[in-house]
Structure formats: structure tokens, C-alpha cells
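Asks: Just passing along the structure, written as C-alpha cells.
The values are calculated or read from the model by the stated rules, or taken from the named source; none is laboratory data. Quantities reported herein were computed from a predicted structural model and do not represent experimental measurements. Because the Cβ atoms are built from the backbone with ideal geometry, glycine has one as well, and the counts that use them run over all protein chains shown. Accessible surface areas use protein heavy atoms only, side chains included; no ligands, DNA or RNA. Shrake-Rupley method; radii C 1.70, N 1.55, O 1.52, S 1.80 Å.
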Amino acid sequence: MENLKLGKMPLIACALNDSDVKTITVDSLSPADLVELRVDMFENVSVNHVEEIFKIAKEKFKKPIIATVRDVKEGGQKEITDRLVIYRAVISFCDLMDVEINSDDTIAEVKKMCRNCKKVMIGSYHNFEIVPDIDSLDNIFLKGKSLGVDIIKIAAMANNNDDLIRLATFTLKHRGEWLITMAMGDIGLPSRIINPIFGSLITYGYVSRPSAPGQLSISELMDIFRLLKIR
């Protein structure tokens, strides 16, 4: 984790699909600290193609890579039945792996891979309807800890300002405990800036198109962070 600068300052990640990897320029990705390759957003999810895209991204962008094969139950763009096969194929090309805390059939195996290959493991939770109450958020956090993940990521849909404040308060409560949080949707947009200030390790942006509701571009994120003197 030391080489990734996690916890030293708010980091910016950019989610890309396979087409993006081939077409986006190195300069346009310069504000990003990390690249998230969202395999569920790839046009072609055959193992050979996915592996080749990870190789290209590693050589082209020279940035730490997050490997994500998102489950459709938590926002994945397509059903991928052999997620573990893909995680195994790309582990040598990535630095972090993101898998859902509630994916009981997958998370244990991904944890073994990460431990054996010394990769950082993100255990994630996504809710596209609400921001859970504080007790539920704490239970999600505790479940992640009990599973032994390195970083717990919570992304939830904000329906009002109280939701935004609740998630920010939860983030501040767990500052320094390896947490990523964001409130999705237009109401949640400020969380992309506020929560990293309160202790969220990584915020997610885009180059060509958002991968989640309420995202800012990576250039906008960097401009705001520099204006606030935190980058």
C-alpha cells in the first residue's frame, strides 16, 4: 500500500472499459492516480481479450490498476459467470482488486489471490436506492473487517441532504481506517470532494463518460483539489 500513496492524500481513480484503454490518450488520463478497469463494462469479456487489455493499460498508462468485475446485483453492466477466472487471469497486471462484500461465492477466493500475490483488496458495497442508516453502515464496515479486506468501499444513492451528511459523518467517524465512500446521484455529487477531505481514500471520476451517477471528470476533481490546497 505504501507505493500507492493510500492515505497520504485523496487519490483520483478513473474507470475505463476496453475501448477506452485503446482510444484515450495518456495526457487525458494524467489527472488520475489510478486506473479502474471495469471488466463488466467491456464489450468483449473473453478471458484472452480481458488479459490483453490489462497488459495494454499497464504498459500504456503506467499507473496502478484496480481490477473490477462488478456483479450485476450491485451495478454491473453485464452478467459474467466466470468472474473468478477473470480475476485470476489479470492479477499479475493489477495492484488492487475490487469485489463485493456480499459476494459470498467470490470474495473468499479473491482474498486468497490477493494475499498470495500481495495485492490490495477492496471489499465494496453498492446501494442504488438509499444511503443506509448509521447502524447499517457500521454493520457493513464490520462485515468488511471480519472478511479481512484491506479497504472497505461504500457507494450509496443520496435522495436528500440528510443522506449526504450521514455518509460524510460516517466517513469522518472512520477516518484512518482504510475506507472509501461516495454518495451517488446529483444530490450526492459534493461527496466526491467532501468525503476525501473527511478521510475517504479514493474518489472516482471519468474522462469520456461517467461510470456512476453524480461523477465529476478527473480534471474537475483535480482542479477542485488543487484549489482547496489538498493536492
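Asks: Report, by residue number, each residue of region 1-14 that is open to solvent by 10 Å² or more (accessible area, probe 1.4 Å) and over 22 Å from C117 (Cα atoms).
Replies: Correct list: K8, M9, P10.
Asks: Among the residues of region 139-175, which ones are touching a Lys or Arg at 6+ places or on another chain (Cβ under 8 Å) and not in a helix (DSSP H, G or I)?
Replies: Answer for region 139-175, where residues must be touching a Lys or Arg at 6+ places or on another chain (Cβ under 8 Å) and not in a helix (DSSP H, G or I): G148, V149, I152.
Asks: Using the structure shown, decide if V110 is assigned to a helix (DSSP H, G or I) and in contact (Cβ under 8 Å) with a residue 24 or more places away in the chain.
Replies: yes
Asks: Taking only pairs six or more apart or across chains, which ones have beta-carbon atoms under 7 Å, a first residue in region 198-215 that is at pLDDT below 80, and a second residue that is in a strand (DSSP E or B)?
Replies: S211/A15; S211/R38; A212/A155; A212/M184; A212/Y204; P213/M184; G214/M184
Asks: Hey, another quick one. Kindly check whether there is at least one residue in region 126-138 that is part of a helix (DSSP H, G or I) and of a type in the set (F, W, Y).
Replies: No, that holds for no residue.
Asks: To continue, here is another question. Output the residues belonging to region 143-175 that are aliphatic (A, V, I, L, M) and either within 17 Å of G185 (Cα to Cα) or without any contact (Cβ under 8 Å) to a residue 24 or more places away in the chain (or both).
Replies: I154, A155, A156, M157, A158, L164, I165, L167, A168, listed by residue number.
Asks: List pairs: first in region 113-135 and more than 15 Å from W178 (Cα to Cα), second modelled with pLDDT under 95 and among the small types (G, A, S), Cβ under 7 Å, 6+ apart or cross-chain?
Replies: Listed pairs, sorted by first residue: H126/G75; F128/G75.
Asks: Any idea which of I86, I134, I122 is among the β-branched types (V, I, T), open to solvent by less than 40 Å² (accessible area, probe 1.4 Å) and more than 22 Å from Y204 (Cα to Cα)?
Replies: Unique residue meeting the criteria: I86.
Asks: Within region 1-14, track down each residue that is aliphatic (A, V, I, L, M) and either part of a helix (DSSP H, G or I) or at pLDDT below 95 (or both).
Replies: Result: M1, L4, L6, M9.
Asks: Another question, if that's okay. Return the total of residues in region 15-67 being surrounded by fewer than 14 Cβ atoms within 10 Å (Cβ to Cβ) and either under 16 Å from the mean Cα position of the chain (by Cα) or not in a helix (DSSP H, G or I) (or both).
Replies: 7
Asks: Give the residues of region 202-231 that are on the phi > 0 side of the Ramachandran plot and of a type in the set (K, R), sorted by residue number.
Replies: K229
Asks: I'd like to check something: does region 90-97 contain any residue that is among the aliphatic types (A, V, I, L, M), closer than 23 Å to E43 by Cα and part of a loop (DSSP other than H, G, I, E, B)?
Replies: Here is the first cut: in region 90-97, the ones among the aliphatic types (A, V, I, L, M) are 90-91, 96-97.
After this cut, where a residue has to be closer than 23 Å to E43 by Cα as well, the list is 90-91, 96-97.
Cutting the leftovers down to part of a loop (DSSP other than H, G, I, E, B) gives us none.
No, that holds for no residue.
Asks: Among the residues in region 78-95, are any in contact (Cβ under 8 Å) with a residue 12 or more places away in the chain, among the small types (G, A, S), in contact with a helix residue (DSSP H, G or I) (Cβ under 6 Å, 6 or more places away or on another chain) and more than 24 Å from E177 (Cβ to Cβ)? Quick ask: steps written out before the conclusion?
Replies: So in region 78-95, the residues in contact (Cβ under 8 Å) with a residue 12 or more places away in the chain come out as 78, 80, 82-95.
From what is left, the residues that are among the small types (G, A, S) are 89, 92.
Of the ones still in play, those that are also in contact with a helix residue (DSSP H, G or I) (Cβ under 6 Å, 6 or more places away or on another chain) are 89.
Within this subset, residues satisfying the condition of being more than 24 Å from E177 (Cβ to Cβ) are 89.
Yes, region 78-95 contains at least one residue that is in contact (Cβ under 8 Å) with a residue 12 or more places away in the chain, among the small types (G, A, S), in contact with a helix residue (DSSP H, G or I) (Cβ under 6 Å, 6 or more places away or on another chain) and more than 24 Å from E177 (Cβ to Cβ).
Asks: Something else about it: Across region 179-207, what is the total count of residues that are part of a loop (DSSP other than H, G, I, E, B) and within 13 Å of the chain's Cα centre (by Cα)?
Replies: Of the residues in that region, 2 qualify.
Asks: Let me ask you something else. Please enumerate the residues belonging to region 198-214 that are in contact with a Lys or Arg (Cβ under 8 Å, 6 or more places away or on another chain) and open to solvent by 20 Å² or more (accessible area, probe 1.4 Å).
Replies: F198, S211
Asks: What number of residues within region 137-150 are open to solvent by 40 Å² or more (accessible area, probe 1.4 Å) and under 29 Å from A89 (Cβ atoms)?
Replies: Qualifying residue count for the region: 4.
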